[in-house]
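Chemist: For reference, the structure I am asking about is given below.
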Amino acid sequence: MLIAILNQSNGAVADADVATMEAAITRQIQAVASAWNREAATVTFYSDAGAVPAGAYGVAIVPTIDGQPAGVVGYHAENWGLVAAQPILANAQTLTGDWSVSSTLSHEVLEMFIDPACNLWADNGQGTCYSLEVCDPVEAPTYPDPVNGVSVSNFVFPSWFDPQGTAPFDKQRQVTAPFTIAAGGYANYVRGGQFTNAAGGYENYVHGGQMQQQFGTTYPGWRKTMKSPPTAGRMARSQRLLALWHT
């Protein structure tokens, strides 16, 4: 799996800084791959979008995200993602700190790596289904790359999505039980729905429930205002309805 990083921020973020982020995320994804028993993805910064190989996944840093509510800082869909520099830099920094450009980019890359089709759910065994996003529940505090100090997102282990899972549940040891939210995290979930297989099991849908959100106790207000999706009775992550609203 190749995840290409592109800088299309119109100067809001320097190429040199994006290259520094790429180096940190490349090291981080090795740890994520080990924790999730996956073969590590290759993460490469391309200064020329035309050089990205066919079939690659991609995350681009852009000024703002067209067609989304003002201030949305990023999302990933089935094989591509965006990180919006301007709303981040109005509230945070480029390379360091929680909710920085670097930690947001790390977040999107890791979630694309673990769920590239953006269609996975986890049932907590009590009637609630959580979208399988590995950074959302423990989004902050971030932690520094050990080599260059760039801030990258915390992430959860498979045990977080297992009702019978045992510790540890995340890289930074912020939570102590499955399906729990760190003070600086959040989660999208559907309660009271049921799974239905369509097209011979090719797609999984959640019917009869409504997407809800849970925020940690220290989740900043400026971020909450960016995470208010329209309500809908039927949600299908494979159709990007959830992907469009998480960062």
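Chemist: Select from the range 111-135 the residues that are outside any loop (DSSP other than H, G, I, E, B) and either more than 17 Å from Met1 (Cβ to Cβ) or within 9 Å of the chain's Cα centre (by Cα) (or both) and list them in ascending order.
Modeler: Glu111, Met112, Trp121, Ala122, Asp123, Thr128, Cys129, Tyr130, Ser131
Chemist: Out of all the residues in the range 168-186, which are crowded, with 22+ Cβ neighbours inside 10 Å, part of a loop (DSSP other than H, G, I, E, B) and of a type in the set (Gly, Ala, Ser)?
Modeler: Correct list: Ala182, Gly185.
Chemist: Follow-up question, since we're still on this one. Given the conditions (1) touching a Leu at 6+ places or on another chain (Cβ under 9 Å); (2) touching a residue at least 60 places away in the same chain (Cβ under 8 Å); (3) among the polar types (S, T, N, Q), which single one is not true for Asn188?
Modeler: (2)
Chemist: In addition: Among the candidates Ala35, Ala31, which residue alone is surrounded by fewer than 16 Cβ atoms within 10 Å (Cβ to Cβ), among the aliphatic types (A, V, I, L, M) and touching a residue at least 60 places away in the same chain (Cβ under 8 Å)?
Modeler: Ala31
Chemist: Scan the range 86-103 for residues that are buried (at least 19 other Cβ atoms within 10 Å of the Cβ), in contact with a helix residue (DSSP H, G or I) (Cβ under 6 Å, 6 or more places away or on another chain) and touching a residue at least 60 places away in the same chain (Cβ under 8 Å) and report the count.
Modeler: 4
Chemist: Kindly check whether there is at least one residue in the range 60-71 that is hydroxyl-bearing (Ser, Thr, Tyr), surrounded by fewer than 23 Cβ atoms within 10 Å (Cβ to Cβ) and more than 17 Å from Arg223 (Cβ to Cβ).
Modeler: no
All of the numbers you see were taken from the coordinates with simple rules; none came from a lab. The model shown is predicted, which means the values in this text are computed figures rather than measured ones. Quick reminder, even Gly has a Cβ in these numbers, built from the backbone with ideal geometry, and neighbours come from all protein chains shown.
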